[in-house]
Amino acid sequence: MSDHVPTRFVRTLLRMVGNKGHDFTAILCAAGLDFDPLDPDGPYYRSEISAMQYSRVYQGVLRLLQDETFGTIGSEMAAPGAFRMMCFCIISCETLGQAIQRAAEFYRTFFDERSQLYANFSDQWARVGYRRVDHGGEHRVCAADAYGLSLWHRFFGWLVDRPIPLQRVDFSGDPPPNVDKYASLFACPLYFNQGSDLLYFDSECLSMPLVHTEHSLRDFLRTAPYQLLLMDHDPQGNNLSAQVRAMIGRDFSEGCPAFETISSALNVSAPTLRRRLKQEGTTFQRIKDDARCEAAKLCLDRRDMSVNQVALELGFTDPSAFHRSFKKWTRQTPGQFRASRRRRDA
């Protein structure tokens, strides 16, 4: 996805607010929108808004309605904060496959049949999506259908911190007129008039380890789905730096995997890995520094941890070494960074 979103994507969110008798004018103002997305013929109407503006509308609607489902699920049986609670239920899973199975179980428990997440794994394929919904006649696939599946696809990629290459995507409706845009979105063959709306990917991806923690999840939920809208997407799944970043993970309390350990796990020699990372414009040290920097920021957001505790959590035995490294990464001391974040939150 680009850094812009079709304006029509916010209409469902705004209708949810309007249908419950709320005025969404303040939400639009806070998002920096000077037009009514529900009125395509109105003055100043734009067909696209920025991803950040969409996320601000989404967050405003969440605060008002106290529901978190990425605006893609319309079940009246959905519990308030359902998506948020589902995230906290799955974040402790070890692998992507376990997380998807637990998410599907969560939605079977709290959602009606129309909105349950379907998951089916075989030796070759993982299939995840929604079963057919009776639309009462012919149904042409629309942007909302693709948007919902795409966000799940990108959410799975976020969990393991690398793109998940899709093999095919099924839709239960008729082909849309702009089918090329859908093909570009998923970068794989699309099949219409199928039994369900499903993502297909290689079952080997199910063993990928989750790299996020409860603390990075909180940071994600603070501005979701902004990160997913801007997520890098490598359809061929050949971005080696993303694989290295995922293997490094975000838990440095027990140290960081050695370069040789990672090259061995990827079945490439150390010189080959070094050369291929250079071709992608990065190095192992840069990837490791970026990962530790992000982990440090998340830890510093926790009010229950002192700066010295953060240093130990990141594997620094000398707090002063952590101070020097963090300032090198961000041009701020840990204390300055923490103060700026608290001013922002206030």
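Quick notes on this one:
- Positive-end residue of A242, V10, L228, charge dipole of the chain with Cβ unit charges: A242
- Using C-alpha pairs under 8 Å with a sequence gap of at least 6, the mean separation divided by the residue count of segment 239-345 gives a relative contact order of 26 percent.
- Net charge contributed by nearby residues that have their C-beta within less than 10 Å of F88 (K/R +1, D/E -1): +1
- Normalised by 2.2 N^0.38 Å, with N the number of residues, the alpha-carbon radius of gyration of segment 82-207 equals 1.03.
- A full extension of the chain between E214 and Q285 corresponds to an added length of 23.0 nm, given 0.36 nm per residue minus the alpha carbon distance.
- Between the amide H of R140 and those of D174, distances stay under 5 Å, these residues lying 5 or more places away or on another chain, with hydrogens modeled in the peptide plane.
- Mean Cα-pair separation over length for the chain, i.e. relative contact order, pairs under 8 Å, 6 or more apart, %: 14 percent
- Which of C205, C89 has the fewest Cβ neighbours within 10 Å, and the rest in rising order: C89, C205
- Extension gain, R140 back to C89 (0.36 nm per residue minus Cα-Cα distance, nm): 14.9 nm
- Of D180, D251, D161, the one that fluctuates the most in a GNM where the chain has Cα springs shorter than 10 Å: D180
- Estimated from the Cβ-Cβ distance and a Förster radius of 30 angstrom, the FRET efficiency linking K278 and N308 is about 0.25.
- Per-residue Cβ neighbour rank within 10 angstrom, fewest leading, H215, H153: H215, H153
- Computed from point charges on the beta carbon alone (+1 for Lys and Arg, -1 for Asp and Glu), the dipole magnitude for segment 239-345 about its Cα centre is near 580 Debye.
- Put in line by how crowded their Cβ is, counting other Cβ atoms within 10 Å and starting with the fewest, L151, L62 read L151, L62.
- Two-site label geometry, E204 and E48: point separation in nm, points 7 Å out along Cα→Cβ: 3.5 nm
- Calculated FRET efficiency for the pair R15/S269, C-beta based, R₀ 51 Å, to 0.05: 0.35
- Taking every lysine pair in the chain that is 8 or more places apart or spans two chains, those with Cα atoms closer than 21 Å amount to 6.
- Working note: 222 nm ellipticity from helices only, DSSP H runs with n ≥ 4, each -39,500 (n - 2.57), summed and divided by the residues of the chain, gives -14500 deg cm²/dmol to the nearest 500.
- Computed on segment 4-65, with alpha-carbon pairs under 8 angstrom and 6+ residues apart, the relative contact order is 47 percent.
No value in this document is a laboratory result; all are computed from the given coordinates. Here the structure is a predicted model, which means the values were calculated and not measured. So basically every Cβ, Gly included, is an ideal-geometry build from the backbone, and we count neighbours across all protein chains shown.
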